[in-house]
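**Q** First, the structure itself, so that you have it in front of you.
The values are calculated or read from the model by the stated rules, or taken from the named source; none is laboratory data. Predicted, not measured: the structure shown is a model, and the values here were computed from it. Don't worry about glycine lacking a Cβ; one is built from the backbone with ideal geometry, like all the others, and counts go over all protein chains shown. The accessibility values were calculated without ligands, DNA or RNA, using every heavy atom of the protein model including side chains. Shrake-Rupley method; radii C 1.70, N 1.55, O 1.52, S 1.80 Å.
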Amino acid sequence: MPTPLQAAVAAYIAAHGDTDGVHLTQIDRLVLMRSRRESLPHHVLYRPTLCVVVQGAKQVMLGDDVFHYGEMQALVINVELPLLGGVTRASADEPFLGIVLDFDVGLMREIMDQLDMPVRPNAATRPCLFVQDVDDRLAECMLRLMRVLETPQAIPILSPSIMREIYYWLLTGPHGGEICKLALPSSHTQRIANAIHAMRGDFGRPIRVEQLAATANMSPTSFHQHFKALTAMTPLQFQKHLRLLEARRLMLADAANATDAAYQVGYESASQFSREYARMFGAPPRRDVVQLRAVPA
(Lines give C-alpha, C1' and ligand atoms only; values in the text may rest on other atoms or scores of the structure.)
Protein backbone atom coordinates (compact mmCIF):
# COMPACT_ATOMS: atom_id res chain seq x y z
CA MET A 1 0.00 0.00 0.00
CA PRO A 2 1.48 3.38 -0.97
CA THR A 3 2.49 5.89 1.65
CA PRO A 4 0.54 9.19 1.83
CA LEU A 5 3.45 10.99 0.10
CA GLN A 6 3.65 8.41 -2.69
CA ALA A 7 -0.12 8.63 -3.20
CA ALA A 8 -0.04 12.42 -3.28
CA VAL A 9 2.78 12.61 -5.87
CA ALA A 10 1.19 9.90 -8.03
CA ALA A 11 -2.22 11.59 -7.88
CA TYR A 12 -0.84 15.00 -8.86
CA ILE A 13 0.99 13.58 -11.87
CA ALA A 14 -2.06 11.53 -12.92
CA ALA A 15 -4.17 14.70 -12.81
CA HIS A 16 -1.63 16.77 -14.76
CA GLY A 17 -0.95 14.83 -17.93
CA ASP A 18 -0.28 11.35 -16.52
CA THR A 19 3.00 11.15 -18.44
CA ASP A 20 6.50 10.12 -17.54
CA GLY A 21 9.12 12.83 -17.26
CA VAL A 22 9.31 16.20 -15.50
CA HIS A 23 6.18 17.91 -14.17
CA LEU A 24 6.36 21.58 -13.21
CA THR A 25 4.11 22.71 -10.37
CA GLN A 26 2.57 25.98 -9.28
CA ILE A 27 5.04 26.17 -6.40
CA ASP A 28 8.17 27.97 -7.49
CA ARG A 29 11.24 25.69 -7.49
CA LEU A 30 9.19 22.50 -6.94
CA VAL A 31 9.22 19.85 -9.68
CA LEU A 32 7.87 16.30 -9.71
CA MET A 33 9.19 13.35 -11.71
CA ARG A 34 7.87 9.97 -12.79
CA SER A 35 9.35 7.11 -14.78
CA ARG A 36 7.72 3.72 -15.33
CA ARG A 37 10.94 2.16 -16.52
CA GLU A 38 14.60 2.13 -15.64
CA SER A 39 16.85 4.35 -17.74
CA LEU A 40 20.41 4.24 -18.95
CA PRO A 41 22.73 6.82 -17.38
CA HIS A 42 22.43 10.18 -19.14
CA HIS A 43 24.10 13.56 -18.75
CA VAL A 44 22.17 16.29 -16.93
CA LEU A 45 23.15 19.66 -15.53
CA TYR A 46 21.89 19.85 -11.95
CA ARG A 47 21.30 23.10 -10.08
CA PRO A 48 21.77 23.38 -6.29
CA THR A 49 18.95 21.05 -5.39
CA LEU A 50 17.32 18.63 -2.99
CA CYS A 51 16.30 15.54 -4.99
CA VAL A 52 14.01 13.24 -2.97
CA VAL A 53 13.17 9.71 -4.10
CA VAL A 54 9.58 9.00 -3.09
CA GLN A 55 9.46 5.59 -4.78
CA GLY A 56 12.03 3.56 -6.71
CA ALA A 57 15.73 4.40 -6.90
CA LYS A 58 18.28 6.47 -8.83
CA GLN A 59 22.01 6.85 -9.10
CA VAL A 60 24.37 9.59 -10.22
CA MET A 61 28.07 9.47 -11.02
CA LEU A 62 30.63 12.15 -10.25
CA GLY A 63 34.07 11.20 -11.50
CA ASP A 64 34.75 7.68 -10.21
CA ASP A 65 32.18 7.94 -7.41
CA VAL A 66 28.67 6.50 -7.71
CA PHE A 67 25.90 7.80 -5.44
CA HIS A 68 22.89 5.51 -5.00
CA TYR A 69 19.72 6.79 -3.39
CA GLY A 70 16.42 4.99 -2.95
CA GLU A 71 13.03 5.42 -1.35
CA MET A 72 12.96 8.25 1.20
CA GLN A 73 16.54 9.23 0.56
CA ALA A 74 17.67 12.50 -0.99
CA LEU A 75 20.57 13.67 -3.10
CA VAL A 76 21.78 17.10 -1.99
CA ILE A 77 23.74 19.18 -4.54
CA ASN A 78 25.46 22.40 -3.48
CA VAL A 79 26.64 23.86 -6.83
CA GLU A 80 25.64 23.60 -10.47
CA LEU A 81 27.08 20.32 -11.61
CA PRO A 82 26.99 18.18 -14.78
CA LEU A 83 26.30 14.62 -13.65
CA LEU A 84 25.70 11.24 -15.26
CA GLY A 85 22.62 9.64 -13.75
CA GLY A 86 19.62 7.45 -14.30
CA VAL A 87 16.70 5.59 -12.75
CA THR A 88 17.78 2.21 -11.39
CA ARG A 89 14.47 0.90 -10.01
CA ALA A 90 11.11 1.48 -11.67
CA SER A 91 8.26 -0.48 -13.22
CA ALA A 92 4.76 0.04 -14.57
CA ASP A 93 3.28 -1.14 -11.28
CA GLU A 94 5.70 0.81 -9.07
CA PRO A 95 7.07 3.73 -11.10
CA PHE A 96 9.93 5.89 -9.96
CA LEU A 97 8.54 8.99 -8.24
CA GLY A 98 10.68 11.95 -7.27
CA ILE A 99 10.45 15.44 -5.83
CA VAL A 100 13.03 18.05 -6.88
CA LEU A 101 13.34 21.25 -4.88
CA ASP A 102 15.76 23.89 -6.15
CA PHE A 103 17.46 25.73 -3.31
CA ASP A 104 16.70 29.38 -2.64
CA VAL A 105 20.04 30.68 -1.33
CA GLY A 106 18.57 33.95 -0.12
CA LEU A 107 15.90 32.23 1.97
CA MET A 108 18.48 29.79 3.31
CA ARG A 109 20.60 32.72 4.51
CA GLU A 110 17.56 34.21 6.26
CA ILE A 111 17.02 30.97 8.17
CA MET A 112 20.70 30.76 9.10
CA ASP A 113 20.63 34.31 10.45
CA GLN A 114 17.71 33.42 12.73
CA LEU A 115 19.23 30.28 14.28
CA ASP A 116 20.14 30.54 17.96
CA MET A 117 23.11 28.24 17.39
CA PRO A 118 25.05 29.20 14.22
CA VAL A 119 25.65 26.34 11.80
CA ARG A 120 29.35 25.59 11.61
CA PRO A 121 30.55 24.60 8.13
CA ASN A 122 32.68 21.49 7.87
CA ALA A 123 36.28 22.51 7.47
CA ALA A 124 37.23 20.03 4.74
CA THR A 125 36.45 20.70 1.08
CA ARG A 126 34.42 17.70 -0.06
CA PRO A 127 32.49 16.77 -3.21
CA CYS A 128 29.54 19.12 -3.46
CA LEU A 129 26.91 16.38 -3.33
CA PHE A 130 25.92 13.69 -0.88
CA VAL A 131 23.03 11.37 -0.01
CA GLN A 132 21.01 11.70 3.19
CA ASP A 133 17.95 9.98 4.62
CA VAL A 134 14.64 11.83 4.57
CA ASP A 135 13.38 11.75 8.15
CA ASP A 136 9.77 12.03 9.28
CA ARG A 137 9.98 15.82 9.67
CA LEU A 138 11.18 16.41 6.11
CA ALA A 139 8.70 13.86 4.74
CA GLU A 140 5.86 15.66 6.52
CA CYS A 141 6.95 18.97 4.98
CA MET A 142 6.97 17.39 1.52
CA LEU A 143 3.49 15.97 2.09
CA ARG A 144 2.17 19.37 3.17
CA LEU A 145 3.63 20.94 0.01
CA MET A 146 1.78 18.36 -2.07
CA ARG A 147 -1.46 19.10 -0.21
CA VAL A 148 -1.07 22.84 -0.70
CA LEU A 149 -0.93 22.19 -4.46
CA GLU A 150 -4.54 21.02 -4.21
CA THR A 151 -5.58 24.58 -3.27
CA PRO A 152 -3.86 26.98 -5.70
CA GLN A 153 -5.06 30.12 -3.91
CA ALA A 154 -3.30 28.92 -0.75
CA ILE A 155 0.07 28.44 -2.43
CA PRO A 156 1.48 31.99 -2.08
CA ILE A 157 0.34 32.15 1.56
CA LEU A 158 1.28 28.71 2.88
CA SER A 159 4.14 27.39 0.76
CA PRO A 160 6.78 29.96 1.93
CA SER A 161 6.42 28.84 5.55
CA ILE A 162 6.80 25.19 4.55
CA MET A 163 9.92 26.03 2.55
CA ARG A 164 11.37 27.79 5.58
CA GLU A 165 10.69 24.73 7.69
CA ILE A 166 12.41 22.48 5.15
CA TYR A 167 15.53 24.65 5.23
CA TYR A 168 15.44 24.70 9.02
CA TRP A 169 15.46 20.91 9.27
CA LEU A 170 18.17 20.61 6.63
CA LEU A 171 20.43 23.20 8.28
CA THR A 172 19.98 21.79 11.78
CA GLY A 173 20.21 18.17 10.66
CA PRO A 174 23.25 15.87 10.49
CA HIS A 175 24.48 17.39 7.21
CA GLY A 176 23.90 21.04 8.11
CA GLY A 177 27.66 21.65 8.08
CA GLU A 178 27.74 20.85 4.35
CA ILE A 179 24.40 22.40 3.33
CA CYS A 180 25.21 25.74 4.95
CA LYS A 181 28.24 26.16 2.68
CA LEU A 182 25.88 26.99 -0.18
CA ALA A 183 24.65 30.09 1.65
CA LEU A 184 27.89 31.32 3.25
CA PRO A 185 29.38 34.05 1.01
CA SER A 186 32.93 33.36 2.21
CA SER A 187 32.81 29.56 1.90
CA HIS A 188 34.84 27.80 -0.77
CA THR A 189 31.60 26.27 -2.03
CA GLN A 190 29.98 29.66 -2.61
CA ARG A 191 33.14 31.07 -4.19
CA ILE A 192 33.34 28.16 -6.62
CA ALA A 193 29.62 28.58 -7.31
CA ASN A 194 30.28 32.20 -8.28
CA ALA A 195 32.99 31.09 -10.70
CA ILE A 196 30.66 28.46 -12.22
CA HIS A 197 28.00 31.14 -12.65
CA ALA A 198 30.54 33.23 -14.56
CA MET A 199 31.40 30.24 -16.77
CA ARG A 200 27.71 29.67 -17.48
CA GLY A 201 27.27 33.33 -18.42
CA ASP A 202 29.41 33.09 -21.53
CA PHE A 203 29.96 29.68 -23.12
CA GLY A 204 31.81 31.14 -26.07
CA ARG A 205 34.54 32.89 -24.11
CA PRO A 206 37.88 31.02 -23.78
CA ILE A 207 38.39 30.07 -20.18
CA ARG A 208 41.15 31.68 -18.13
CA VAL A 209 41.70 30.07 -14.76
CA GLU A 210 43.28 33.27 -13.43
CA GLN A 211 40.13 35.23 -14.20
CA LEU A 212 37.88 32.60 -12.64
CA ALA A 213 40.12 32.52 -9.57
CA ALA A 214 39.76 36.28 -9.26
CA THR A 215 35.97 35.91 -9.49
CA ALA A 216 36.20 33.41 -6.63
CA ASN A 217 38.58 35.68 -4.71
CA MET A 218 41.16 32.88 -4.55
CA SER A 219 44.67 32.31 -5.82
CA PRO A 220 44.85 30.27 -9.06
CA THR A 221 46.45 27.34 -7.23
CA SER A 222 43.90 27.32 -4.42
CA PHE A 223 41.03 27.79 -6.89
CA HIS A 224 42.15 24.84 -9.00
CA GLN A 225 42.50 22.58 -5.94
CA HIS A 226 39.14 23.47 -4.42
CA PHE A 227 37.35 23.38 -7.78
CA LYS A 228 38.50 19.82 -8.43
CA ALA A 229 37.78 18.74 -4.86
CA LEU A 230 34.19 19.99 -5.19
CA THR A 231 33.40 18.92 -8.75
CA ALA A 232 35.84 16.07 -9.50
CA MET A 233 36.81 18.02 -12.64
CA THR A 234 39.31 20.67 -13.60
CA PRO A 235 37.84 24.03 -14.70
CA LEU A 236 38.65 23.16 -18.33
CA GLN A 237 36.89 19.79 -18.09
CA PHE A 238 33.92 21.44 -16.40
CA GLN A 239 33.60 24.05 -19.15
CA LYS A 240 33.75 21.32 -21.79
CA HIS A 241 30.84 19.52 -20.11
CA LEU A 242 28.85 22.77 -19.92
CA ARG A 243 29.49 23.57 -23.58
CA LEU A 244 28.51 20.12 -24.81
CA LEU A 245 25.35 20.03 -22.69
CA GLU A 246 24.35 23.47 -23.97
CA ALA A 247 25.05 22.44 -27.56
CA ARG A 248 22.85 19.39 -27.09
CA ARG A 249 20.09 21.60 -25.70
CA LEU A 250 20.38 23.99 -28.66
CA MET A 251 20.02 21.12 -31.13
CA LEU A 252 17.07 19.57 -29.29
CA ALA A 253 15.13 22.67 -28.22
CA ASP A 254 16.09 25.22 -30.88
CA ALA A 255 16.66 22.84 -33.82
CA ALA A 256 20.18 24.20 -34.36
CA ASN A 257 22.42 22.11 -36.59
CA ALA A 258 25.65 20.70 -35.18
CA THR A 259 27.91 23.33 -36.75
CA ASP A 260 25.85 26.28 -35.52
CA ALA A 261 25.58 24.75 -32.04
CA ALA A 262 29.32 24.18 -31.93
CA TYR A 263 30.14 27.80 -32.77
CA GLN A 264 27.49 29.15 -30.38
CA VAL A 265 29.10 27.39 -27.41
CA GLY A 266 32.64 28.44 -28.31
CA TYR A 267 34.11 25.71 -30.50
CA GLU A 268 36.25 26.92 -33.39
CA SER A 269 36.41 23.50 -35.06
CA ALA A 270 33.25 21.57 -35.94
CA SER A 271 35.24 18.34 -36.27
CA GLN A 272 36.70 18.74 -32.78
CA PHE A 273 33.21 19.44 -31.46
CA SER A 274 31.87 16.29 -33.11
CA ARG A 275 34.68 14.14 -31.65
CA GLU A 276 34.26 15.48 -28.13
CA TYR A 277 30.47 15.27 -28.37
CA ALA A 278 30.62 11.61 -29.42
CA ARG A 279 33.09 10.86 -26.63
CA MET A 280 30.74 12.32 -24.02
CA PHE A 281 27.34 11.20 -25.32
CA GLY A 282 28.29 7.99 -27.13
CA ALA A 283 27.19 9.08 -30.61
CA PRO A 284 27.88 11.93 -33.08
CA PRO A 285 25.65 15.00 -32.66
CA ARG A 286 23.14 14.33 -35.43
CA ARG A 287 22.60 10.66 -34.55
CA ASP A 288 22.38 11.43 -30.82
CA VAL A 289 19.69 14.06 -31.35
CA VAL A 290 17.68 11.74 -33.60
CA GLN A 291 17.86 9.02 -30.94
CA LEU A 292 16.83 11.40 -28.16
CA ARG A 293 13.81 12.64 -30.10
CA ALA A 294 12.68 9.04 -30.57
CA VAL A 295 12.76 8.31 -26.83
CA PRO A 296 9.53 8.88 -24.83
CA ALA A 297 9.67 11.79 -22.37
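**Q** Look through Cys141, Cys128 and report the one residue that is open to solvent by less than 60 Å² (accessible area, probe 1.4 Å), in contact (Cβ under 8 Å) with a residue 40 or more places away in the chain and not aliphatic (A, V, I, L, M).
**A** After ruling out the rest, the residue left standing is Cys128.
**Q** Taking the residues in the stretch 263-280 that are within 15 Å of Ile207 (Cα to Cα) and open to solvent by less than 40 Å² (accessible area, probe 1.4 Å) as candidates, determine which candidate is nearest to the chain's Cα centre (by Cα).
**A** Val265
**Q** Select, from Leu250, Leu244, the only residue that is in a helix (DSSP H, G or I), open to solvent by less than 30 Å² (accessible area, probe 1.4 Å), touching an Asp or Glu at 6+ places or on another chain (Cβ under 8 Å) and free of Cβ contacts under 8 Å to residues at least 24 places away in the same chain. Walk me through it before giving the result.
**A** Numbers: Leu244 fails: free of Cβ contacts under 8 Å to residues at least 24 places away in the same chain.
It is Leu250.
**Q** Same structure again: I want to confirm something. Restricting to the stretch 177-211 and keeping residues that are surrounded by fewer than 21 Cβ atoms within 10 Å (Cβ to Cβ) and of a type in the set (Ser, Thr, Tyr), which single residue is farthest from the chain's Cα centre (by Cα)?
**A** The qualifying residue farthest from the chain's Cα centre (by Cα) is Ser186.
**Q** Counting just the residues of the stretch 10-53 that are β-branched (Val, Ile, Thr) and not in a strand (DSSP E or B), which one comes out farthest from Phe238 (Cα to Cα)?
**A** From the stretch 10-53, those β-branched (Val, Ile, Thr) are 13, 19, 22, 25, 27, 31, 44, 49, 52-53; that's our starting set.
Filter once more, keeping what is not in a strand (DSSP E or B): 13, 19, 25, 27.
On the way: Ile13: 34, Thr19: 33, Thr25: 30, Ile27: 31 Å.
In this case the residue turns out to be Ile13.
**Q** Just to be sure I understand, how many residues within the stretch 54-71 are open to solvent by 50 Å² or more (accessible area, probe 1.4 Å), in contact (Cβ under 8 Å) with a residue 40 or more places away in the chain and either touching an Asp or Glu at 6+ places or on another chain (Cβ under 8 Å) or not in a loop (DSSP other than H, G, I, E, B) (or both)?
**A** Final tally of qualifying residues: 2.
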